[in-house]
């Protein structure tokens, strides 16, 4: 809408042409496949091969066998050739059936310490005296030896379950003598057998064939009134046993139960409580109860969970488990982590946590991460979940998205806080003095040295007897042991252009003759995204040219490309020679091309198509072989003397002849759409006016001019004005722009005419 000045003045307008003048952000390749370790089903960006190694591992060693991974080899070659970012999506078979490794860190429970109410402490009492009154004595106050307070006991005593009296001649009056031929003598340590009790021993004196005294020397326990005891006359002479019938006066009172009424708090194992016997009917020596079963338990303070899942290589059949467990971050390996509480402070309730490498030891600690002054108080700034992070990522199979749970971003590369179950108590009394009884509330110091490793998880591992460093094993019935649905799920996840940016997609190990469904998914998704090319592997190792061209002719898309044959290279970590499909090496070629020139240059030929890390291709192609492949949309990989192995084609899988049947043109269009799409995104919800359209043109036209100068275009034209933004279009809330381009073409077929002329001939003008 035009503005009008009513009276003289100056009308000022702003036209912001400063935004988005930079070149589009370079995005890299995406790879989907198995790895040694790392996040499962969570697309993760790595920016170097060392970064890849840290997150996903490289080579798995089991016993005497080494196992290479195509994904690792692809990552190595990609970064070796200048790749900047790699989006890695780890796939494992049956991944929903096994979990992350966890480790629970314990504390000593401090609130309500003591013994559980109702606990019977009878077996742990001692007394220098006896109880004089039978009955039940409730809420008996105690004197405490230890750190705790507040415990009270119930003491029950009875004469029906006591000890024998040890008074001189205490049993003499109750003896019925049925023998007069006992030998005169003193018999020491005579067992008194019978009744409900045990352990009573006496001294028996015989004089003139008569028992003159029976003195109890060991009172035993558990006897009841009217129990019948016997002394075998074979011991003291005679023919008939001597019978003793216990009267109630022969028994001393003792506790039948000592139970906890109130557990109190702050007690530790080994603390004692003393009951004054005067409280229960006598002034004899006090009753001492030792808290052998005090409730000082190791309660879970918090649980850490590994961010990554451990060594696993799935097999569709029955796996053979490798020592260390299946699917877990195996204890005692460098791919595992362990934890240690280094120290704790009673004064403020803080502690330090170390994350250590799984195969280190206490004398040679390999500390991967350290976190100091952690707290279990959720309100504290140093609350453990805030400092370490507690976010968890999980792939939702049903709705095909990544769920994020947890409140705090993960600061650790190795672990997250799964839960906190014990809070740090108040370590100070009202006077501000530290409460020493709360020492045990902190995580136990040194827990990581014993049992501090992560464990758990269920999954498949590399089956024995399978040598995966021979990639000829990846055949028509084999997806490196992975289930096809796992690939389909992840490929569908990557179809979301808003969440994941990349311009190249590979699935090394998938073969079109076997995994047609998965490769169709990948190709369809790159086409739907419109910003990437899918590099396909058509046939397994040792296939024919006819087989490769047949597979290629079954496809029709400018968003896909195929290369052949397989290539021999070196596993970067093992040093072994391995055969790999072309898709494991081609991303490196694309990366080198983009660094050496521009995405719209052909990633092929001697200048930009060299495969420097390839030892040799599976077979040496003749000109006729290359002709056959190229006519059928398969880009040959050839070897030339003095040059080496070179990508010698750049066709897409499009059947129809057009500019888009070449990789460089498709990638040019991807680049232009990416940048111009970013500009257009800023116009959404802006006013549909000439000013908005001019802003767009002021950014896009100069950018396209630079592409012309950089040999990407011959010419271009952008139309966004009243001619294509009519009132009807505007009323539909639409903004229309039409972009016309003439992409530059590559010189793939070079004809050189050598003309031999006679002496004196005139050269053509």
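Derivation of every value follows stated rules applied to the coordinates shown; laboratory data play no part. Quantities reported herein were computed from a predicted structural model and do not represent experimental measurements. Here Cβ is always computed from backbone atoms with ideal geometry, including for glycine, and neighbour counts include all displayed protein chains.
Points worth noting:
- Full-stretch length increase - residue 546, residue 126 - with 0.36 nm per residue and alpha-carbon distance subtracted: 141.8 nm
- Pairs of C-alpha atoms in the range 122-290 farther apart than 29 Å represent 34 percent of all such pairs.
- Net length available on complete extension from residue 196 to residue 595 is 134.1 nm, with 0.36 nm assigned per residue and the Cα-Cα distance removed.
- Counted residue by residue at 0.36 nm each, then reduced by the alpha carbon distance between them, the extension gain from residue 678 to residue 203 reaches 160.3 nm.
- For the range 390-405 and the range 521-596, distance of Cα centres in Å: 30
- Model label points for residue 399 and residue 363, set 7 angstrom from Cα along the Cα-to-Cβ axis, are 5.5 nm apart.
- Extending 7 Å from the Cα toward the beta-carbon at both residue 225 and residue 619 defines two label points whose distance is 10.9 nm.
- The peptide list 220-228, 658-666, put in order of mean Cβ contacts within 10 Å with the highest first, becomes 658-666, 220-228.
- Calculated FRET value between residue 692 and residue 492, using beta carbons and R₀ = 56 Å, to 0.05: 0.95
- Taking 16 Å as the cut-off, the amide N atoms of the range 601-634 that come nearer than this to a point 7 Å along the Cα-to-beta-carbon line of residue 84 belong to 601.
- Taking label points 7 Å from Cα along the Cα-to-Cβ direction, residue 166 and residue 188 give a separation of 1.6 nm.
- Scoring 719-726, 563-570 by mean Cβ neighbours within 10 Å over their residues and listing the highest first yields 563-570, 719-726.
- Förster-model FRET efficiency, 41 Å R0, residue 381 and residue 577, C-beta, rounded to 0.05: 0.15
- Ranked by the mean number of other Cβ atoms within 10 Å of their residues, highest first, the peptides 518-531, 702-715 come out as 518-531, 702-715.
- Cα gyration tensor shape of the range 572-676, rounded if a/c is under 1.5, else prolate or oblate by comparing a/b with b/c: oblate
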